[in-house]
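Read-outs: derived from the displayed coordinates by stated rules, not from any lab. The structure displayed is predicted, hence computed values, not measured ones. Note that each Cβ is placed from the backbone with ideal geometry, even for glycine, and that neighbours are counted across all protein chains shown.
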Amino acid sequence: MNSPADSRASKRSRAVSKNLPGPPFLRHYPAHQLVAWQPQGTLDDNLLDQIAEWLVVIEKAALPFKRFVDLSQLTTVAVRTRHLFEFARKRAEQFSGVEPVRAALFCEDWVGFGIASLYESLMKDTLIKVRTFRDRALAAEWLGVPVDILTLKDEPAPPVETKSRKKASAA
């Protein structure tokens, strides 16, 4: 009755994400305190810098959240190793949280997985606990979220319209 299969089935969800301002392909799953990012195209130094800048801003304004980065839609990885070292150092310094947060990096491709694994090793003794995965189910288990969320196939909920937006559109 309390087998691992039972607990996995109970972790099924009706995932409802919200699009977030920031780099493209960001989603927020508020019910699971999870932010998911699925970069597409080329992962380069510039894209890494964009996500770092966004993270610094959001970490100051929001409660701690888990992170999931799905590198499966990348067509090219053009990150300089030196830049990855610098990125990891800056992330460790800029992280404003007082409690550890989990970041799961997913990639089935060997190059992307290698870059993610290097980042994991660089973040080893920081408050950002990074793990690299080639299996979404294991990533979901480590993050404590339903595995179906990590497919990132749900339709994001439409933005909530505020009263001031309604008044502005009526004018």
Once both labels are modelled 7 Å past Cα along the beta-carbon direction, what's the N46-A78 spacing in nm? 0.8 nm
Based on DSSP, what percent of beta bridges with both residues in the range 13-170 are antiparallel, to the nearest 5? 25 percent
Whole percent per 10 Å bin, from 0 to the bin with the longest distance: what is P(r) over all C-alpha pairs of the range 13-170? 10, 40, 36, 10, 4, 0
Compare the peptides 19-26, 101-108 by average per-residue count of other Cβ atoms within 10 angstrom and give them in order, highest first. 101-108, 19-26
